[in-house]
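The structure appears below as C-alpha cells.
The values are calculated or read from the model by the stated rules, or taken from the named source; none is laboratory data. In this text, all values refer to a predicted model and were calculated from it rather than measured experimentally. Please note: Cβ atoms are built from the backbone with ideal geometry, for glycine as well, and neighbour counts cover all protein chains shown. These accessible areas exclude ligands, DNA and RNA; they are computed on the full protein's heavy atoms, side chains included. Shrake-Rupley method; radii C 1.70, N 1.55, O 1.52, S 1.80 Å.
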Amino acid sequence: MDVTLVDYLTGLPNMNYFMSLASAKKDSMTGAQQNAAILFFDLYGMRKFNSEYGFDNGNILLKSFAKLLTDLFGNTSCCRIGGDDFAAITEEQRIEDTIHELIENCKALVKVDGQVVEVTIHIGVYLFKSEDVSVNMACDRAKLACAPIRHSNESGFNYYDITISEANEKRQYIIDNLDKAISEHWIKVYYQPIVRGVNLRVCDEEALARWIDPVKGFLSPADFIPILEEAKLIYKVDLYILEQVLEKMKYMANHGFFMVSQSINLSRSDFDVCDIVEEICKRIDGSGIPRNKINIEITESILGKDFEFMKLQIDRFKKLGFSVWMDDFGSGYSSLDVLQQIQFDLLKFDMSFMRQLDKGKNAKIILRELMRMASSLGVDTICEGVETEEQVSFLKEIGCSKLQGFFFQKPIPMEQIIEKYEKGIQIGFENPEESHYCETIGRVNLHDLSVISQNEDAFNNFFSTLPMIVIEVGEETVRFTRYNQSYHEFFERYYGINLHGEEVPISVVMQGEGAGIMVILKQAAKEGKRLFVDGTLPDGSVAHYFISKLADNPVTKKIAVVVAVLSIKDSVQGEVYANIARALATDYFNLFYINLETEDFIEYRSNIGKDELATERHGDDFFRRAREDALTHLYEEDRETFVKVFTKENVLKQIDETGTFVHIYRLVKFGLPYYVNMKAVRMTRDKKYLIIGVSHIDAQVKQKQIVDKARQDQIVYSRLMALSEDYLCIYVINPDDNSYSEFQANSEFGSLGILKEGKNFFEETQKNANFAVAEEDREVFKKRHTKESILKNIETDGVFSSRHHMLINDKHVMVSVRCVLVKENGENRLIMGIRKV
Ligand code: C2E
Ligand code: MG
Ligand code: MG
C-alpha cells in the first residue's frame, strides 16, 4: 500500500483513502443486492490506559486492535480515523454476530507484563438502508450513534437513528449558547424549600437551575446539565447560580425575612476545570454572607471517580466552614463505604426510597435502619421526593429531620416565593436561632427503644414498637410534636383521640386524666430529670412511662421532652384497675391487691399532685404486716380494735356475709389523728384476689361520698355496727326539723330507757343528760351537745366528737361520741354513734 495512504502506526488505510475504498465497496454491494453498513469504533479509556501502562503499551494496543479489524473485515475495509477512533464497512447481514465476535476478542487483546488487560469498546452502527448518504456522513452518523453509550464501562454497540441526530443538534445549541444564556438570564434559579420535620417550617432551600430559552422554551436540568457536564462547562452555570443565590439572600435579609441556608449543586467536572472550592469561597466572602449559610450538595456518583481527590476537596470545604451534603444517597453502590471515609454533614436520601416505600415492608425497614445509622454517625438527614402525607408521617416517625418534595412545594423562582409570602400562602421560614433546638428534637429516633420491647407479653404483642412521643412543654400550651405509630395507636385506644401534632392549652390537659402526667412532664422539663413514673389511664390501667428532657428552645422558651410508654398493666389485674383504680385518683390513697392464697400483695400508692400516679410496692404476709404496721401508724386508741378485726378470717367472713369488708379507723399525721375508711372486696373473676382500698374521710365531702356509697349498698349501718361491737347506739337525726330515730342500740343502752325516736333530738339529749351522763361531765356535755355546737364542729373538722362518762347500770362507762353529716336521698342527716372506749 502506498505510504501516503496508510496510517503510520497501524498500517491500515488512513481516513481519506478509506473513504474512497468504502465508497467503491458500498456501490459493489448495492449492485449485488446487499445492504452495506458503517461501523465506528471507540476504544474506551485509552487515555487512562496510556497513563497507567505507558505509550508503548498504548501503541501495542492500537496495533492489536487494527489487526483484529483486518482479520474480521479485510485490510481494505477498515481504517484508523485518528487517535483511538476506527471505522469499517461491512455487510449488514450477520452484523451483530460480527460485533459480538469482535467484543469477545477485545477481552484478551493485549497483555501487559504477562497480564491480560481487558479493553472496552463502544461501537456505533450506520445502516445505509435507512438513508443513502455519503460514506463520510455515514461515518459521522456511526460516531453519533456511539454517543449514548460512550460513558459505559462495558463494551457495547448502538444503531444510529434520527433522534440521535436531533440530540446532537440540541447538544450543540446548548454549548454554543451557554454564555448568552447566562448573560441574558435565560438561566434562572428555582428554589425548592426543605422543610423541618418537627415544625414543618422551611429550614433550607435548594437552588436548582432552569434554562428558559427564547427559541427552545423551558429546559429542565436533565436537558442541559448532562451536556454541559460532558463539555466540562457546567462550572459556569454553578458559579452563576451561586452568585444569584447570594444576591437573593441579601435581598431577603434586607426585606426582613429569616435567612435560611441555601444549598447549591456541584458536578464532578467543576473540580476538574477550576479550583471550585476557591471560586466559591471568593464569591461568598465577597458577598458578606456567612459561609455556613451555604450547603454544598455533592452526589454520591461524583465520588466514584478519583475518590482521594474528591475527599480532599470535601475536607477543604468543611474546613472553610461550609456544610457538605451527600445528594442522592443510596442511589449508587458505594454509599456505606464512603460514609466511613468522609464525614458529611447531611445525607440526602435519594428519591427512589420514597418510590419504594409504598411497595412493601422491606423498604421501610431499610430506610429506618439507615436513618438510625445516620443518627449514630451524627449526620443529619433529608428525604427528597416526598409526595404524600403517609410518607411525611413515616419519615417524621423514624427521625428523618428534614423533608423535601412536591408534597410541600415544587421548585419556584424567587419572585413567586415573595408573591406567595405577600398572599400569606408560603410555608414560613424557621428562625435560625431555633435551628439547633429543632435539630435535636427532630433527630430522636422513635424506634430506638424497640429493642427493649421484645418480651412476649400482651403489651408488646399489641404495639410493634414502644409508643414514643416528643412533647414540647410551654408555659401555656403543650404540643404533641412527634410520635410514632405505636403512640398514635396507644393514644387513640386509651383516650379516643387521634393525634395530629396539635398544640393544646395546658388547662385542657389538666382537666382530663392527663393532669397527673402533666405535672410530671413539667417537672421533667424544668429539672431536666429522667424519670420513670406510673400514670393511670382513663380505663384504669396503669402505664409505666419513661420521661426525659431533650432540649430548650431559646426563642419560644419551650422545653422538649421525650416520653416512652414502657408498659401497660391491664392483663391479670385488669379488673382491679378497670373497676377500682379509677377511684384511686379521687377516693383512695392506698390500694392493695392481695393474693389470698400466698398473702403476697402489691401496694399502689398515690403520690403526686392530683393523685393520678401510683408507685408500686410488692410484699408478702399481708395481714401480719398490716397488723404490725397498725401498731406504729394507727392512732393509739384504734390500734387494738384494728388488730382484732383485721384478720384474714374476719375480713373474709364479713365479705361472705355482706359483700364487702369496711373498717373506719384513724391514722396519725403530724401528730394529729385523721379518719380513714378501709374497704375490701374480692375480685369477682378470680376469688383468690382481694382488693383493699383506703381512703380519707376527714373531709366532709369525702365522708358524704363514702356514706352515700355505702348506703347505696344498703349495708352502711349494719356494717358500722359490725365493724365495731363496741357501739352502744346509733342515731339518725334530721337537722332540719330536729326529729330523730335510733337505728340500733345494744341491750346495755336500751336499759337507759331513752326514747327510740322523737321530735327534737337536741332537747331530748339535754333532758336525758340529767340521768344518763355522769355528774362530773354533765355541764360540759350539755354545752357541747347543742345543735349549734355539733354543726359548727362538723363544719370545721368534718366530724363532731366528744367523750364523756355515762351512767349505765350505776356504773361509770367512758364513751366516745362521733357525729357526721350526710345526705340521704337529697336530705341532710346527722349520724351519731356512741361507743364504749
Ligand atoms: P437533585 O439535586 O437531586 O435535585 C432534586 C430534583 O428532584 C430536582 O429536579 C427537583 O425538582 C426534583 N424533585 C424535588 N421534589 C420532587 C418530588 O417530590 N417528586 C419528584 N418527582 N421530583 C422532585 P431538577 O430540578 O430537575 O434537578 C435534577 C438534578 O439536576 C438535580 O438533582 C441536580 O443533580 C441537577 N441540578 C439541578 N440544578 C443544578 C445546578 O445548578 N448545578 C448542577 N451541577 N446540577 C444541578
Ligand atoms: Mg441536589
Ligand atoms: Mg438529589
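Residue count for segment 323-376, restricted to those that are over 23 Å from the mean Cα position of the chain (by Cα), within 16 Å of ligand 1 (Cβ to nearest atom) and not hydrophobic (A, V, I, L, M, F, W, C): 4.
Of these, 315, 337, 345, which one is assigned by TED's automatic domain parsing to the domain that holds residue 283 and within 16 Å of ligand 2 (Cβ to nearest atom)? When all the criteria are applied, what remains is 345.
Those helices (runs of 4 or more DSSP H) of segment 628-741 in which 2 or more residues are at pLDDT 70 or above occupy 636-645, 648-658.
In segment 380-389, which residue that is out of contact with any helix residue (DSSP H, G or I) (no Cβ under 8 Å at 6 or more places or on another chain) and without any contact (Cβ under 8 Å) to a residue 60 or more places away in the chain is nearest to ligand 2 (Cβ to nearest atom)? Here the answer is 388.
Remark: pairs (first residue in segment 290-311, more than 12 Å from ligand 2 (Cβ to nearest atom); second residue open to solvent by less than 60 Å² (accessible area, probe 1.4 Å) and among the hydroxyl-bearing types (Ser, Thr, Tyr); Cβ separation under 8 Å; 6+ apart in sequence or on different chains) = 292/261; 292/323; 293/261; 294/261; 294/263; 294/323; 303/334; 304/334.
Each row is one residue, and each column tells you yes or no for (1) without any contact (Cβ under 8 Å) to a residue 60 or more places away in the chain; (2) hydrophobic (A, V, I, L, M, F, W, C); (3) open to solvent by less than 60 Å² (accessible area, probe 1.4 Å); (4) touching a His at 6+ places or on another chain (Cβ under 8 Å).
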| site | (1), (2), (3), (4) |
| --- | --- |
| 143 | no, no, no, no |
| 146 | no, yes, yes, yes |
| 169 | yes, no, no, no |
| 174 | yes, yes, yes, no |
| 186 | yes, yes, yes, no |
| 189 | no, yes, yes, no |
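Of the residues that sit in segment 94-153 and are touching an Asp or Glu at 6+ places or on another chain (Cβ under 8 Å) and of a type in the set (Val, Ile, Thr), which one is modelled with the lowest pLDDT? Among those residues, the one meeting the criterion is 120. Taking residues in segment 745-770 that are in the same structural domain as residue 804 (by TED's automatic domain parsing) and within 17 Å of residue 805 (Cβ to Cβ), and partners anywhere that are open to solvent by 80 Å² or more (accessible area, probe 1.4 Å) and among the polar types (S, T, N, Q), the pairs with Cβ atoms closer than 7 Å and at least 6 places apart or on different chains are 751/809. Just a yes or no: is a residue in segment 160-174 under 19 Å from residue 35 (Cβ atoms) and in contact with a helix residue (DSSP H, G or I) (Cβ under 6 Å, 6 or more places away or on another chain)? Yes, that holds for at least one residue.
Restricting the search to segment 208-223, which residues are under 22 Å from residue 415 (Cβ atoms), out of contact with any Phe, Trp or Tyr (no Cβ under 6 Å at 6 or more places or on another chain) and either within 16 Å of ligand 2 (Cβ to nearest atom) or outside the structural domain of residue 295 (by TED's automatic domain parsing) (or both)? Scanning segment 208-223 gives 209, 220, 221.
Scanning segment 382-392 for residues that are of a type in the set (Asp, Glu) and within 15 Å of ligand 3 (Cβ to nearest atom) gives 384, 387. Within segment 535-556, residues that are farther than 20 Å from residue 487 by Cβ and of a type outside the set (D, E, K, R) have Cβ atoms under 6 Å from residues that are open to solvent by 60 Å² or more (accessible area, probe 1.4 Å) and modelled with pLDDT of 80 or more in these pairs: 554/433; 555/433, counting only partners at least 6 apart in sequence or on another chain. Criterion applied to 364, 402, 359, 396 was being modelled with pLDDT under 85 and in the same structural domain as residue 206 (by TED's automatic domain parsing), and the one residue passing it is 359. Does residue 226 fit the bill of being closer than 21 Å to residue 270 by Cα and within 16 Å of ligand 2 (Cβ to nearest atom)? Spelling it out, residue 226 is indeed closer than 21 Å to residue 270 by Cα and within 16 Å of ligand 2 (Cβ to nearest atom).
Quick one: is residue 222 within 9 Å of ligand 1 (Cβ to nearest atom) and loosely packed, with under 14 Cβ neighbours inside 10 Å? When the stated conditions are applied, residue 222 passes them. Can you say whether residue 816 is open to solvent by less than 30 Å² (accessible area, probe 1.4 Å), more than 18 Å from residue 735 (Cβ to Cβ) and modelled with pLDDT under 90, as far as the supplied structure shows? So residue 816 fits the description; yes.
Please work out if residue 385 is touching a Lys or Arg at 6+ places or on another chain (Cβ under 9 Å) and farther than 19 Å from residue 331 by Cα. No.
Could we say that residue 41 is in contact (Cβ under 8 Å) with a residue 40 or more places away in the chain, open to solvent by less than 60 Å² (accessible area, probe 1.4 Å), in contact with a strand residue (DSSP E or B) (Cβ under 6 Å, 6 or more places away or on another chain) and within 30 Å of residue 114 (Cα to Cα) here? So residue 41 passes the test. Please determine, by comparing only the residues of segment 393-412 that are more than 16 Å from ligand 3 (Cβ to nearest atom) and open to solvent by 10 Å² or more (accessible area, probe 1.4 Å), which one is farthest from residue 488 (Cα to Cα). So the residue we want is 412.
Each residue in segment 46-59 was checked for being open to solvent by 30 Å² or more (accessible area, probe 1.4 Å), within 12 Å of residue 117 (Cα to Cα) and hydrophobic (A, V, I, L, M, F, W, C), and 0 pass.
When residues in segment 152-168 are screened for being assigned to a loop (DSSP other than H, G, I, E, B) and closer than 29 Å to residue 305 by Cα, 4 of them pass. Being at pLDDT below 80 and surrounded by fewer than 17 Cβ atoms within 10 Å (Cβ to Cβ): is that true of residue 791 here? Here the answer is no, as residue 791 does not meet what is asked.
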